[in-house]
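Taking it in order: structure first as structure tokens, then the write-up.
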Amino acid sequence: MAPNFTFLLLRLALGLGLVASGLVVNAQHGKSFKDIDSHSPVTQVDVITEINFGTFYPGDIGGTIEIDPRGFRTASGSAVLLPMGDIPNPIIMEIVARPSTMIQVILPREIILYGAQGGQITFIPGPLEFGSVFVTPPNADRGFTVNMGGTLEVGTVNENPPGNYFGAFSFTIVSE
């Protein structure tokens, strides 16, 4: 039976402006999560780049802001993407593992972010660049990158008052 590992990956902090909103993932950037068992197929996970949804305005009815694993950003509902602020990008992780190891990544369905001034926003992690189940490449023992997108479900400006929003999530890697 292959071991399961649960990694605390990110603490989310969302800053909403009066006209613009953006999500920045903080805290665990650059931190390594190392496996205690040296015989395990997965030995290390590093967060290289945090997710950033760029700047947007939620509009009259709210909607979603999505970043795919390649960093492309889209909006739905009344959410409007604004061409200012930080450049949107996905989460980029580096994984060190044995070559040709099957990995399954189990993500939570959603994470609720709570606002310092009230309100809440839902963050949905994923998808991953290679899907939730993939085989590590031949150079996996030297590290390889995996990108992960995400979706924000935002309400109106009244439902999501300006300010910082916080939450955390972890995910599980099952390797064989």
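Among strands (runs of 3 or more DSSP E) entirely within the range 75-136, having at least 1 residues that are buried (at least 19 other Cβ atoms within 10 Å of the Cβ) singles out 91-97, 102-106, 111-115, 120-128. Within the range 152-173, at least one residue is assigned to a strand (DSSP E or B), farther than 22 Å from ILE95 by Cβ and aliphatic (A, V, I, L, M). Of the residues VAL146, VAL154, the single one that is under 21 Å from the mean Cα position of the chain (by Cα), of a type in the set (Val, Ile, Thr), buried (at least 16 other Cβ atoms within 10 Å of the Cβ) and closer than 21 Å to THR49 by Cα is VAL146. Pairs meeting the criteria (first residue in the range 138-167 and within 15 Å of PRO58 (Cα to Cα), second residue acidic (Asp, Glu) and at pLDDT 90 or above, beta carbons under 6 Å, at least 6 apart or on different chains) are THR151/GLU66. Among the residues of the range 44-95, those identified as hydroxyl-bearing (Ser, Thr, Tyr) and either touching an Asp or Glu at 6+ places or on another chain (Cβ under 8 Å) or more than 30 Å from ALA140 (Cβ to Cβ) (or both) are THR55, TYR57, THR64, THR74, SER76, SER78.
The values are calculated or read from the model by the stated rules, or taken from the named source; none is laboratory data. Predicted, not measured: the structure shown is a model, and the values here were computed from it. For neighbour counting, all protein chains shown are included, and Cβ atoms are generated from backbone atoms with ideal geometry for every residue, glycine included.
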